[in-house]
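The values are calculated or read from the model by the stated rules, or taken from the named source; none is laboratory data. Predicted, not measured: the structure shown is a model, and the values here were computed from it. With ideal geometry, Cβ positions are generated from the backbone for all residues, glycine too; neighbour counts draw on all protein chains shown. Quick note on the areas: whole protein, heavy atoms, side chains included, nothing else; ligands and nucleic acids left out. Shrake-Rupley method; radii C 1.70, N 1.55, O 1.52, S 1.80 Å.
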Amino acid sequence: MELFAKKAKMNGEWTMLKKINDILAGMPMTLIGGVFLIFSFALPRIGVRLSVDPAWITVIISGIPLLYLAVWRIIYNPGISKISSALLIIIAMFAAIAIGDLFAAGEVVFIMAIGALLEDMTTNRAKKGLKNLISLAPVQGRKIEDGKERMIPVEKISRGNILRVLPGETIPVDGIIVEGETSLDQSIMTGESLPVDKKIEDEVFCGTINCFGTIDIKATNVGKDSSLQKLIRMVQDAENKQAPMQRIADKCASWLVPVALMIAIVTGFVTDDIVRAVTVLVVFCPCALILATPTAIMAAIGQATKHGVIIKSGEALEKMGKVDTITFDKTGTLTYGKLQVSDIISFDNRRDNDDILRMAASAETKSEHPLGKAIVNDAVSKKMDIIPSSDFKMTTGKGIAAVVAERKMICGNESFLTENGIKIENAVSDTIKKLRIEGKACILVAEENICIGIIALSDVLRPEAKAVIEKLSEMGTKTVLLTGDNKRTADYFASRAGISEVYAELLPNKKVENIQHLQSNNRKVCMIGDGVNDAPALKIAEVGVAMGVMGSDIAVDAADIALMSDDISKLPYLKRLSNATVKTIKLSITLSMCINFVAIILSVTGILNPTTGALVHNAGSCFVVLIATLLYDRKFDN
């Protein structure tokens, strides 16, 4: 009991220290520390002497968080990772304080604090996407028992329960339809642009939306086994696999600290001058090394923002340059994700295409189906006169019937027309087959029991898609299409875009499996997507890129990069920018190491003292920032 009390007290003390640390390490306090550091340097040079050096304020504000970090790593980090760049800077700070050079002590911890702030600004990632995904999970379902409906919490639904789902409601669990027909919006799971018609014995997925008819389903996968819960877990698991970007200085701290201490000790013994030893420690501090990565990343992120590309982490920039395979979702990514009338074909010599569209739009005016709405919107955009209709009737998943200008109109699929006694001629069937090979949805238009035409609707390929694929190919990047759409539609759009490798009819877990298969073959994968169903794939890929305007909030939050203008032509630009950023970081590190090397020689020979050494050390940091600034204004071709 006593041991437990001591442990609790220790944890409480660490919590209090962390709160103080967070306040001191924040932007306002760090800037205050910077102001006092300027006072420490400037006031003595204009003849103003204070009883207490203002640099003490800087040492306290920026030194305490650094001391906390160094001690925390010594206590909790395993093995060699106990030695960090923070430890070297704390040693230099105390050494400078010991010989009375407070400006040098304050300068090294202040530069470190600025570097930490810059890194935090570039690596903080919003976590609201997972919360949004969880919010999509239904909380209750309508259970049918003894012929009566009863709303129950979703966690109380068991396998085999019969559930009723009304139009507009969300499917509460995975199941099989046992009564009724409908159309489901499955975009959350498959990304398909069209609602999918469902009938008895068809499978339905949790989280999908019932668009029209009332259906009864038999629960198959419930609770954590439902498809939506699996989707949530995949995003969580992929999130956990994303390691935060590690500071370059900490990667080499295991040898940096011992070397700095050895050179300082040898210098002190050989020269019998403790000031020279302290100067070595001050100039050896890896502040420019620490600034090299976050400053270049901030410049690159600013550069990308000007082009409508939001990059959430520096790690994503570095990885984008290494990507050799880009996997695309189709709907809303390669295509616009919006249905449009693509073809109007007349089988009646007395009716031209405009007549077919006008009559179909007039019949579909009261329809709630996306295909019917698209036909009406097309007619309205062409400023056609819509004829009032009557006796409107909709048969879920099949089509509609209405009377237009005293003529009976039927619009729907082949089986619907056949059920209504309308013969489908060979010419009509051949045309339907041709249009479906092109990935188009077909609405047959019949007037007075005769099929007079077909209206085909299709998603629209982005005009820049083919050029983007060609550019990526020239850069040695493989392209793959991963989509929930059917195989014919996927093959058609892939061929038009120039993508040869296609995987269709994929649920979210299958997209993830395809990406993992590519990764197992040593491919570095970037996933481009826009829907909720793409979130796990965006997370599991080395880099996830979401369509920012059309994409779901969950996809955007799951991704590392968002294209705010939905312009996929920015992908080649992204690769060039990431390559340039990595080169800039390497150049900055090389130059900062060279400056440190020269400064160490000058310190050992006594040319520099701790104050002038701190200024040289600071100049190296400024040089790194200047190089990064040049990256911000560099021109990159798309």
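Mind telling me which of the residues Asn413, Asn426, Asn349 ends up being free of Cβ contacts under 8 Å to residues at least 24 places away in the same chain and under 16 Å from Leu444 (Cβ atoms)? Asn426 is the lone residue from the list that is free of Cβ contacts under 8 Å to residues at least 24 places away in the same chain and under 16 Å from Leu444 (Cβ atoms).
Could you check, for the range 95-109, whether at least one of its residues is at pLDDT below 80 and touching a Leu at 6+ places or on another chain (Cβ under 6 Å)? Looking through the range 95-109, none of the residues is at pLDDT below 80 and touching a Leu at 6+ places or on another chain (Cβ under 6 Å). Looking only at the range 616-638, residues that are surrounded by 14 or more Cβ atoms within 10 Å (Cβ to Cβ), closer than 18 Å to Ile89 by Cα and modelled with pLDDT under 75 come to 4 in all. Taken over the range 453-481, residues that are polar (S, T, N, Q) and farther than 22 Å from Tyr336 by Cα amount to 2.
Cβ-Cβ distances below 6 Å connect the following pairs, each with a first residue in the range 263-284 that is farther than 18 Å from Ile97 by Cβ, a second residue that is basic (Lys, Arg) and assigned to a helix (DSSP H, G or I), and a separation of six or more residues or different chains: Thr267/Arg276.
Pick out the one residue from Asp348, Asp343 that is at pLDDT 80 or above, part of a loop (DSSP other than H, G, I, E, B) and either under 24 Å from Lys524 (Cβ atoms) or open to solvent by 10 Å² or more (accessible area, probe 1.4 Å) (or both).
The conditions single out Asp348.
Ile387 fulfils the conditions (1) assigned to a strand (DSSP E or B); (2) surrounded by 15 or more Cβ atoms within 10 Å (Cβ to Cβ); (3) not hydroxyl-bearing (Ser, Thr, Tyr) except for a single criterion, (1). Identify, please: which residue in the range 399-410 is open to solvent by less than 50 Å² (accessible area, probe 1.4 Å) and either without any contact (Cβ under 8 Å) to a residue 24 or more places away in the chain or of a type in the set (A, V, I, L, M) (or both) and is, among those, nearest to Glu448 (Cα to Cα)? Once the filter is applied, the top-ranked residue is Met409.
Look at (1) under 25 Å from Ala490 (Cβ atoms); (2) part of a helix (DSSP H, G or I) and you find that Gly397 fails only one, number (2).
Residues of the range 471-491 that are over 22 Å from Asn579 (Cβ atoms) and surrounded by 18 or more Cβ atoms within 10 Å (Cβ to Cβ): Leu481, Leu482, Thr483, Gly484, Asp485, Thr489, Ala490, Asp491. Between Lys408, Lys398, the distinction of being in contact with a Ser or Thr (Cβ under 7 Å, 6 or more places away or on another chain) and of a type in the set (Lys, Arg) belongs to Lys398 only. The numbered conditions (1) at pLDDT 80 or above; (2) open to solvent by less than 10 Å² (accessible area, probe 1.4 Å) are all true for Gly613 except (1). Against the list (1) within 31 Å of the chain's Cα centre (by Cα); (2) of a type outside the set (Lys, Arg); (3) more than 30 Å from Met298 (Cα to Cα), the condition Asp354 fails is (1). If you go through the range 414-423 and pick out every residue that is open to solvent by 40 Å² or more (accessible area, probe 1.4 Å) and not in a helix (DSSP H, G or I), you end up with 3. Exactly one residue out of Ala277, Ala288, Ala249 is in contact with a Gly (Cβ under 6 Å, 6 or more places away or on another chain), assigned to a helix (DSSP H, G or I) and at pLDDT below 75: that is Ala288. Among the residues of the range 479-494, just one is in a helix (DSSP H, G or I) and polar (S, T, N, Q), namely Thr489. In the range 30-83, of all residues being open to solvent by 70 Å² or more (accessible area, probe 1.4 Å) and assigned to a loop (DSSP other than H, G, I, E, B), the one that is farthest from Gly100 (Cα to Cα) corresponds to Pro78. Applying the set (1) over 21 Å from Asp534 (Cβ atoms); (2) open to solvent by 50 Å² or more (accessible area, probe 1.4 Å); (3) at pLDDT 65 or above to Ala243 leaves exactly one unmet item: (3).
Do we find a residue being touching a Leu at 6+ places or on another chain (Cβ under 9 Å), closer than 15 Å to Glu364 by Cα, open to solvent by 10 Å² or more (accessible area, probe 1.4 Å) and outside any loop (DSSP other than H, G, I, E, B) anywhere in the range 428-450? For the range 428-450, residues touching a Leu at 6+ places or on another chain (Cβ under 9 Å), closer than 15 Å to Glu364 by Cα, open to solvent by 10 Å² or more (accessible area, probe 1.4 Å) and outside any loop (DSSP other than H, G, I, E, B): present. When Val380, Val376 are screened for being outside any loop (DSSP other than H, G, I, E, B) and open to solvent by 70 Å² or more (accessible area, probe 1.4 Å), only Val380 passes. For the range 210-229, residues that are at pLDDT 80 or above and more than 25 Å from Pro536 (Cα to Cα) total 7. Take Leu602 and tell me if it is farther than 30 Å from Phe269 by Cα and of a type outside the set (Asp, Glu). Taking the combined requirement at face value, the residue does not satisfy it. The C-beta contact set for the range 146-173 (first residue over 27 Å from Glu368 (Cβ atoms) and free of Cβ contacts under 8 Å to residues at least 40 places away in the same chain, second residue assigned to a loop (DSSP other than H, G, I, E, B) and open to solvent by less than 70 Å² (accessible area, probe 1.4 Å), distance under 9 angstrom, 6+ apart or interchain) comprises Ile152/Asn161.
Of all residues in the range 362-370, one or more are open to solvent by less than 60 Å² (accessible area, probe 1.4 Å), under 30 Å from Arg496 (Cα atoms), touching a residue at least 60 places away in the same chain (Cβ under 8 Å) and not in a strand (DSSP E or B). Of all residues in the range 565-595, those being outside any helix (DSSP H, G or I) and in contact with a Gly (Cβ under 8 Å, 6 or more places away or on another chain) number 3.
Restrict the check to the range 495-507 and report whether at least one residue is touching a Gly at 6+ places or on another chain (Cβ under 7 Å), assigned to a helix (DSSP H, G or I) and over 22 Å from Gly399 (Cα atoms). The answer is no, given that none of the residues of the range 495-507 is touching a Gly at 6+ places or on another chain (Cβ under 7 Å), assigned to a helix (DSSP H, G or I) and over 22 Å from Gly399 (Cα atoms).
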